[in-house]
1. Find all pairs meeting these conditions: Cβ atoms under 8 angstrom apart; at least six residues apart or on different chains; first residue within the range 36-60 and among the acidic types (Asp, Glu); second residue assigned to a helix (DSSP H, G or I).
2. Whether any residue in the range 234-255 is out of contact with any strand residue (DSSP E or B) (no Cβ under 8 Å at 6 or more places or on another chain), within 16 Å of ligand 2 (Cβ to nearest atom) and either in a loop (DSSP other than H, G, I, E, B) or not aliphatic (A, V, I, L, M) (or both) is what I want to check.
3. Of the numbered conditions (1) at positive phi; (2) buried (at least 19 other Cβ atoms within 10 Å of the Cβ), Val320 satisfies every one except a single condition; which is it?
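Values in this text are rule-based calculations from the coordinates and carry no lab data. Keep in mind the model is a prediction, meaning the values are calculated, not measured. Positions of Cβ are generated from backbone atoms using ideal geometry, with glycine treated the same way; all protein chains shown enter the neighbour counts.
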Amino acid sequence: NAQINLAVIGGDGIGPEVVAEGLKVLDAVSSAKVERTEYDLGARRWHATGETLPDSVLGELRGHDAILLGAIGDPTVPSGVLERNLLLRIRFELDHFVNLRPSKLFPGVTSPLDLEQVAPDGIDFVVVREGTEGPYTGNGGALRVGTPQELATEVSVNSRFGAERAVRDAFARAQARERKHLTLIHKHNVLSHAGHLWRRTVEEVGAEFPEVETAYAHVDAATIYLVQDPGRFDVIVTDNLFGDIVTDLAAAVTGGIGLAASGNINPDRTAPSMFEPVHGSAPDIAGQGKADPTATILSVAMLLAHLGRDDEARRIEEAVSADLAERGRTPRSTTEVGDAIAARV
Ligand code: IPM
Ligand code: MN
């Protein structure tokens, strides 16, 4: 198909700046006509109207082929308002049950790790973070707030249905990769109910993928492996909260969150998927042209791959890889990075 109907949510802070560069590269690489609709969502709209995500806008988002998001979150809005009512609401309503976060160390990129020591064969893994359940469901509450008897709960919701569809997706990804290796990250020695469910699910779904070798790591141990032996990972599957945490660490060891891309994927394609950099809105550097748009540009590559435009996705990755290999010490502006990558695709 010669047209991509794209919904664009620049969002807060550096979001609009990095999204502009993502769109620049998209236009440069794609033979498709990119028909885009911009949605004004985030802190500005909330201050102006009190709205986070009106139902009508959610309905419109559903009509697109994909969504490109910059970042959501602003210190002038109470914590959780935009996160829950905008970002998580989109992920839940559009059934983005696979939050896909690749971690790849590109040649020439500086890692805080002593790579020759801990990862002589490089780092290249992908995290399948379950995206619709866990403690993110808002299933909890508070009692007697402000008293010495105050009580707060955040209940982690783990359905067999939810774990199974994420696990099956992760196995399929592992099967398609060279190493065919899948690690479940959890904490079954303490979170035994959910841990049992996830472990059994991996075991049972694994029967459908006899070629895929499986491993298990408790999440605390996994943070050590991510620093001391990241090369052991190929595909990781984990719940929503563990996935949130380990993907920030994974980004840090592969060059920082300025490079980390993600896709909130609805593999069943009952609704559009949404692509966004892993980083946040960075209000401290917003509007200064300092933000690195590379993570957003790589998220655009994921978007194209999701739409079946693998060749265009690959060209972006190669352009980013070449750009990273030649990046000097002099910092470039947001637009300079976007221009350089756009010129290479
Ligand atoms: C992320 C972010 C979000 C999350 C926040 C902003 C709700 O940290 O995309 O990783 O926790 O999923
Ligand atoms: Mn996060």
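1. Pairs found: Glu51/Arg45.
2. Going through the range 234-255, the residues out of contact with any strand residue (DSSP E or B) (no Cβ under 8 Å at 6 or more places or on another chain) turn out to be 245, 248-249, 252, 255.
Checking which are within 16 Å of ligand 2 (Cβ to nearest atom) leaves us with 245, 248-249, 252.
With either in a loop (DSSP other than H, G, I, E, B) or not aliphatic (A, V, I, L, M) (or both) added as a condition, the list becomes 248.
Checked the range 234-255: at least one residue is out of contact with any strand residue (DSSP E or B) (no Cβ under 8 Å at 6 or more places or on another chain), within 16 Å of ligand 2 (Cβ to nearest atom) and either in a loop (DSSP other than H, G, I, E, B) or not aliphatic (A, V, I, L, M) (or both).
3. Here Val320 meets the rest and fails (1).
Here's the yes/no breakdown for (1) β-branched (Val, Ile, Thr); (2) surrounded by 19 or more Cβ atoms within 10 Å (Cβ to Cβ):
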{"site": "Glu213", "(1), (2)": "no, no"}
{"site": "Thr223", "(1), (2)": "yes, no"}
{"site": "Val227", "(1), (2)": "yes, no"}
{"site": "Leu241", "(1), (2)": "no, no"}
{"site": "Ile265", "(1), (2)": "yes, yes"}
{"site": "Glu276", "(1), (2)": "no, yes"}
{"site": "Asp284", "(1), (2)": "no, no"}
{"site": "Thr294", "(1), (2)": "yes, yes"}
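Residues are listed down the side, and each one gets a yes or a no for (1) closer than 24 Å to Phe233 by Cβ; (2) out of contact with any His (no Cβ under 6 Å at 6 or more places or on another chain); (3) of a type in the set (Gly, Ala, Ser):
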site	(1), (2), (3)
Ala261	yes, yes, yes
Asn266	no, no, no
Ala271	no, yes, yes
Glu276	yes, yes, no
Pro293	no, yes, no
Leu298	yes, yes, no
Ala301	yes, yes, yes
